[in-house]
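Working notes, structure below.
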Amino acid sequence: MRTVYLNGEYMPENEANVSIFDRGFLMADGVYEVTSVLGGKLVDFEGHAVRLQRSLDALEMRNPISKEALLEVHRELVRLNGIDEGMIYLQVTRGAPGDRDFVFPDPETTAPTIVLFTQDKPGLANSPAAQKGMKVISIEDIRWGRRDIKTVQLLYPSMGKMMAKKAGADDAWMIEDGYVTEGTSNNAYIVKGNKIVTRALSNDILHGITRAAVLRFAQEAQMEVEERNFTIEEAKKADEAFITSASTFVMPVVEIDGVAVGEGVPGRVAPRLREIYLEESLKAAI
Ligand code: PMP
């Protein structure tokens, strides 16, 4: 059984209870982060901590924990649960005011709820899926307009994964006004020649922590990066396609809506970026 963290205390997962009036439960009024663990260490903790603060600020939600204390909780959970490879899930909600009301509760009297738990994933870095590549379908992006805030409002992304599953695919890329926004839980990229193309940052997509690192590594490796919109038709005709996220790192996409991308197997660029990302992340992990 896992040891989890709830509002300042470590406890067995079956003893961690949250109120039925918690606004995370009633209204998806909460934000989250997922930090990966490699070799028992945290990948890009700083990036996740900064984005957490940004999400909280955007929702005028109080941060219940300092960055230093948060790092300590992450490390302690890794230690207590013996995690070598996996993820740490963190969620902060606006707390439980004791009733249901659309109006935000007074932060002086209603404390945020903070929860962290580990997900043990041995072999995460050497995932066979990375060798094979994944298949995506395209679906309409009908999410709200502040996708840059990492809220727990994940019903549509969850439905998107189910649509993909029913279609025999692994995930879905979402399309808005004819252009790909992102994957249900990852950023989307295509490769043409030596050029990596991905949508520019805006309120339309989550500002991926893995995205920032991968684009930096790509530039350091003299690859060309173009931040612009692309259509699903352009993606189908690209040499390669891939996704990035904290839990999948860099993952090749080999099929889009049943059409093979390139040769229909992982190409040259995505596997190389995965290699660099894993190597550099492991080196910089804390
Ligand atoms: N876009 C969406 C919609 C996501 O849910 C995620 C992962 N949470 C990402 C992109 C990737 O972000 P990161 O690299 O920070 O995991």
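Per-residue 3J(HN,Hα) values for the range 263-279, derived from phi via the Karplus relation 6.51 cos²θ - 1.76 cosθ + 1.60 with θ = phi - 60°, read 8, x, 9, x, x, 9, 6, 4, x, 5, 5, 4, 4, 4, 4, 5, 4 Hz in sequence order (x marks Gly and Pro). Sequentially through the range 7-15, phi angles give Karplus couplings (6.51, -1.76, 1.60; θ = phi - 60°) of 6, x, 10, 8, 7, x, 4, 7, 9 Hz, Gly and Pro residues having no value and appearing as x. Looking at the chain, the DSSP beta bridges with both ends there are about 80 percent antiparallel. The convex hull built on the alpha-carbon positions of the range 128-284 has an orientation-averaged projected area of 8.6 nm². Using alpha carbons only, how many degrees (0 to 90, rounded to 10) separate the axis of helix 67-80 from the longest principal axis of the chain? With rounding to tens, the tilt is 80 degrees.
Distant-in-sequence amide contacts of THR181, defined by a placed amide H-H separation under 5 Å and a gap of 5 or more residues or a different chain, comprise MET174, ILE175, GLU176. Relative to the Cα centre, the charge distribution of the chain, modelled as +1 at Lys and Arg Cβ and -1 at Asp and Glu Cβ, gives a dipole magnitude of about 480 debye. For the chain, set up a GNM with springs between Cα atoms under 10 Å and report which of ASP22, ASP57, ASP239 has the largest fluctuation. Evaluated over the chain, the most mobile residue of the options is ASP57. Simple spin-label estimate for ALA200 and GLU46 gives 2.6 nm between the two label positions (7 Å along the Cα-to-Cβ direction from each Cα).
Taking all Cα-Cα distances within the chain, those exceeding 26 Å account for 46%.
In the chain, the DSSP-assigned H stretches of four residues or longer account for a calculated mean residue ellipticity at 222 nm of -8500 deg cm²/dmol, using -39500 (n - 2.57) per stretch and the full residue count as denominator. Of the peptides 5-15, 241-251, the order by per-residue mean of other Cβ atoms within 10 Å, starting with the highest, comes out as 241-251, 5-15.
When you restrict to C-alpha pairs under 8 Å that are six or more residues apart and normalise by the size of the chain, the relative contact order lands at 19 percent. Relative to the longest principal axis of the Cα atoms of the chain, the long axis of helix 209-220 makes an angle of roughly 40 degrees.
Shown for the chain: lysine pairs separated by 8 or more places, or found on different chains, whose C-alpha atoms are under 16 Å apart, numbering 11. Entry note, the range 3-120: relative contact order of 38 percent, from Cα contacts under 8 Å with a spacing of 6+ residues.
Our coupling estimate for the range 172-181, obtained by passing each phi through the Karplus curve with A = 6.51, B = -1.76, C = 1.60 and θ = phi - 60°, is 10, 9, 9, 10, 9, 6, x, 10, 5, 8 Hz, Gly and Pro reported as x.
FYI, it's all coordinate maths here, none of it is from the lab. Fair warning: this is a prediction, and the values are worked out from it, not measured in the lab. Positions of Cβ are backbone-derived with ideal geometry, glycine not excepted, and every protein chain shown enters the neighbour counts.
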